[in-house]
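Notes follow once the structure below has been shown.
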Amino acid sequence: MSGKSSPSASGANAPQEAVRAPRAPVTDRVNSEPAILNGMTVTEAGWIAGLSLVGYVLVAAFVFLVSGFWQTMLILPLFGTGLTLWFASQYLQNVKRGRPDSYYTQAIHLWMADRGIVKPKFLRHEGYWSLGRTLDFSLVSPLNPEPEQPDPAASLASHNNDKHSS
């Protein structure tokens, strides 16, 4: 260590460091929930795990009462919930494919709002917007005139001319 600098300190790696530019932040993922299992988010996993755990505990309690094996109270909810999460995540992966974030959750909300289960969060009005007054002029385009009706007198005159010529 006699005052000589190492090759890395002398700038031998300087071109490699100059090539690395700071990466831009991924701003399209800031407001979306991160996926944890095959595209399933934490909220979805929590709901699915909670509901399946309750279901498997009830099934395990019934199996325990019928068979007397207390081990079913441990094994069935644990493995059943894990398998349900795995297969539900694969199903949701197919449902979400090619759709924007929160597409199906909004679709479920709109379905429930149409049936009166929840209050709608979105504007659900079908109809025309109105200013509350009428206009004194027509907004019909002059470039699309109505087709002309044949004049009955002109057709009668041409019919009479055909009779005289024969």
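Laboratory data are not the source of any read-out in this text; all were calculated from the coordinates shown. Please read all numbers here as calculations on a predicted model, not as lab measurements. Here the Cβ positions follow ideal geometry from the backbone for every residue, glycine too, while neighbour counts run over all protein chains shown.
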**Report entry** Difference of contour (0.36 nm per residue) and Cα-Cα distance, ASN31 to GLN149
**Finding:** 36.3 nm
Query raised in the report: Tell me, what ³J(HN,Hα) does each residue in the stretch 39-55 have, in order and in whole Hz, if you take phi through Karplus 6.51 cos²θ - 1.76 cosθ + 1.60 with θ = phi - 60° and put x for Gly and Pro?
Result: x, 7, 8, 5, 5, 5, 5, x, 5, 5, 5, x, 5, 6, 5, 4, x
Query raised in the report: Of the peptides 146-152, 75-81, how do they stack up when ordered by the mean number of other Cβ atoms within 10 Å, highest first?
Result: 75-81, 146-152
**Report entry** Pair GLU126, PHE79: separation of 7 Å Cα→Cβ label points (nm)
**Finding:** 5.0
Report summary line: VAL95 and ILE108 label points (each 7 Å along its Cα→Cβ direction) are spaced in nm at 0.5
Report summary line: The answer for THR41, listing residues at least 5 apart or on another chain whose modeled amide H is closer than 5 Å to its amide H, is ILE36
Query raised in the report: Between LEU65 and ILE117, what FRET efficiency follows from the Cβ-Cβ distance if R0 is 35 Å, with the result rounded to 0.05?
Result: 0.55
Report summary line: Expected vector for the stretch 107-117, Karplus 3J(HN,Hα) from phi with 6.51, -1.76, 1.60 and θ = phi - 60°, integer Hz, x for Gly and Pro, equals 5, 5, 4, 5, 4, 5, 5, 5, 9, x, 6
Query raised in the report: Amide H to amide H, which residues 5 or more places from VAL118 or on other chains are under 5 Å from it, using H placed in the peptide plane?
Result: ALA113
